[in-house]
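These notes concern the structure reproduced below.
The values are calculated or read from the model by the stated rules, or taken from the named source; none is laboratory data. None of these values were measured; they are calculated from a predicted model. Methodologically, a virtual Cβ is constructed for each residue, glycine included, from the backbone with ideal geometry; neighbour enumeration extends over all protein chains shown. In case anyone asks, the SASA skips ligands and DNA or RNA and just uses the protein heavy atoms, side chains included. Shrake-Rupley method; radii C 1.70, N 1.55, O 1.52, S 1.80 Å.
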Amino acid sequence: MNLTPQASQPHSHRILIIDDNPSIHEDFRKILGPADAKLAEELDATEASLFGDHAGASSAQNFRIDSAFQGQEGLEKVRAACAEGAPYAVAFVDVRMPPGWDGIETISRIWKEFPDLQIVICTAYSDYSWDEIAKSVGNTDKMLVLKKPFDNVEVLQMAHALSKKWQLTQMGRKQMEELDALVNQRTAELRAANARLTGEVAERAAAEEALRRSEERFSKAFHSSPVPMAIQRPEGKACLDANISFLELVGASREAVLAGSTTFWADESTPTVLRQELAARHAVRNLAATIRTTSDETREVLVAAENLELGNAPYHLLILQDITDRVRLENELRQAQKMEAVGRLAAGVAHDFNNILTVILGNTSTQLRNPRLDKKLTCSLTQVQRAAERATGLTRQLLAYSRKQIIQRRPLALNEIVEQTVAMLRRLIGEHIALDMQLAPDLPPIFADPSNVEQVIMNLALNARDAMPDGGKLTLATTRVDIDKASRARNPEAQLGPYICLAVKDTGYGMDAATVGRIFEPFFTTKDPGQGTGMGLATVYGVLKQHGGWIEVDTAPRRGTSIRTFFPLSKEGFVAASAKSESLPTESTPINDITILVVEDEEMLREFVSEALGTLGYHVLSAANGRDALNVWAEHRDKIDLLLTDVVMPESISGRQLAHTLIQDKPNLKVIFTSGYSSELFGSEFEREKEHLFLAKPYLPDRLAQTVAMHLQSQGAPELAHANS
């Protein structure tokens, strides 16, 4: 350590003389003040020999002498010097200074506040002994004793030596303070570094723990996830890991998947596309693909793939979403929508045909009644009538398919309908086909139209017969089923609750999926031209839909076909007695004062109906739509007794709206609705309007005359009138 005085180090040559004798002060000033050159040189040499320094100029001239005549005054001067920042280095203190403090007490008080001050005690041999002094102030290296009378050189030597010592003490203390500050600073730095390292170690431990937990959570989430996932190597064969859902989806063992011995992509281009996209650092989302399980079953999936790095090694994370059921439901929904659209088209065509057929059948029937008609013309009109009747049957099938045919539902015992229909079937299916019935006993009644149920059984049985040209077995089975949510999930058309199932099974050729997708379309057939109309199964489909049921098909090539139809149960819980047809009058007496308002948008049909009713003697008014009818009503309100109106008409006013308006104006007005659609399609309120009649198209003039006459003569609620053509 360098203790050489420097400019910045403390340096003081201030000396304080504390003595009650003024002459002593003068002596010290002479000794410590300016001296002759020779004495100064001797002092400098002595100092150099003691401290190894070469002061150069005389140091005696550097002392600044201050005087104090009592101990209290000396303490005040020491305090003042320290306050000024120029403390005393040495103090010469007399032992005896009456009447105040003596030298020993003065030294003790000064050292209590300023312990670094160097002290020279001036004493005679008759004063205190050294032991007494040491006992009073303690053993210290900061004090010297100067015996009186004193030698000048000795005084100078003491002054120089003690001031130098004071200076070195201050330098040492300052350097120690600096060293302490440096040590403290370094210690603080080391503590900060230690705290930082401790924090980093803690952070690293926390990070490692977080990583361990994250890996544990990822592993748990990966293996317990219901979503199929696999971590595949970049070459696209072996896998690092695969969860249970993935293994269940592909139907393979974990060992086979990890080893890459299982190829689960149905299309070889799929893994190539995945590798190319991931190699380009593109994330794969919703890639439609097909996988093939170990049982050779295909499943439709959506693939998501990401690049993954584990232990600095690249991998591919595959996530599969099984959408097989969703695709199936979407296909079924599209099929249902297609069937609905075709049904609307078929209904529209059938409705228009019914209008035309009503005109054709009505006019041919009228002409055939003429006894003077030419035989050849009679033959031609008869052929026209037969063709129109066949067309009427076709339109009925179209309406049945589109669920717009006229039906009368009531509680039925399905087993009885099956047994009655089978009696006719035995003659139709031939002896080469065995017929078996498996009818569950005590079935609750269904709510259906009996003729429609017979038609369903007949069409399904004949379709099964055609599928077994070389013979086979036809089975008709009935049973009660309860449809739950699982069953409904497999078939979106199914409804929850109890139903009666009628199943028709054959051992014929069976059908592939493409054929099954079209068998309910109108006019679709797999038979040769001229062998069928293609309306059989379409009619069955429409009947079931109109009755609130549905149909399911289970078939495969060379495995036969099973078609299950589902009918709703009757709420009444008992079988209704067979309805007896009411005998209608065959002739109607014309009443010339009865006026009928005919409202029909089809011009030919309107003219035919008007002419037919006019021939019977009625007074007929006609209108092409609801607005025209309101104008006619405004002019002939009091004369009109019966409204004969089509239900569906243009100009935003339907037949029902027109009837409602006119009945409000004339409550006793009779109303007959006509349409090619079922009355059930016009809402539940139409069912409650029992005071009105419904005449289905197409109808013959006789049916028109009978319905009008019956309604005019009725007082209560009449039955629904149906066309029998």
With r defined as the distance between the Cβ atoms of THR290 and ALA210 and R0 fixed at 30 Å, what FRET efficiency is calculated, to the nearest 0.05? 0.15
Taking θ as phi - 60°, what are the ³J(HN,Hα) couplings along the range 653-670 by the Karplus curve (6.51, -1.76, 1.60), each to the nearest whole Hz, with x for Gly and Pro? 10, 7, x, 5, 4, 5, 4, 4, 5, 6, 5, 4, 7, 9, x, 8, 6, 7
Counting DSSP beta bridges with both partners in the range 413-520, what percentage is antiparallel, nearest 5? 60 percent
To the nearest 10 square angstrom, what accessible area does SER136 show with a 1.4 Å probe? 70 Å²
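Hey, what D do you get for the range 213-318 in µm²/s if you plug the Kirkwood alpha-carbon radius into Stokes-Einstein at 20 °C and 1.002 mPa s?
153 µm²/s
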Taking R0 as 41 Å, what's the FRET efficiency between ASP593 and LYS376 from their Cβ-Cβ distance, rounded to 0.05? 0.50
What does the charge add up to near ILE483, with Lys and Arg as +1, Asp and Glu as -1, over the other residues with Cβ less than 14 Å from its Cβ? +1
Distant-in-sequence amide H partners of ALA242 (H built 1.01 Å from N, under 5 Å): ILE231
Express in nm, to one decimal, how much length is gained between ALA188 and ALA80 on full extension, taking 0.36 nm for each residue of separation and deducting their alpha carbon distance. 35.2 nm
Amide hydrogen neighbours beyond the local backbone of ILE119, cut-off 5 Å, H modeled: ALA91, MET143, LEU144
For every other residue with a beta carbon closer than 14 angstrom to the beta carbon of LEU310, add +1 if it is Lys or Arg and -1 if Asp or Glu, then tell me the sum. -3
Can you give the accessible area of MET511 in Å² (nearest 10), computed on protein heavy atoms with a 1.4 Å probe? 40 Å²
Any chance you could run the full-extension gain for SER451 through LYS473? It's 0.36 nm times the residue separation minus the Cα-Cα distance, nm to one decimal. 5.4 nm
How much net charge surrounds ARG328 when only other residues with a Cβ under 10 Å from its Cβ are counted (Lys, Arg +1; Asp, Glu -1)? -2
Ordered by residue, what ³J(HN,Hα) values in Hz, to whole numbers, does the range 315-328 give under the Karplus form 6.51 cos²θ - 1.76 cosθ + 1.60, where θ = phi - 60° and Gly and Pro are x? 9, 10, 8, 9, 10, 10, 10, 6, 10, 4, 5, 5, 4, 5
Between SER253 and ARG281, 0.36 nm times their residue separation minus their Cα-Cα distance comes to what? 7.0 nm
List every residue whose amide H lies under 5 Å from the amide H of TRP101, counting only residues 5 or more places away in sequence or on a different chain, with H placed 1.01 Å from N in the peptide plane. GLY71, GLN72
Keeping all protein chains in position, work out how much accessible area CYS82 exposes to a 1.4 Å probe, and write it in Å² to the nearest 10. 50 Å²
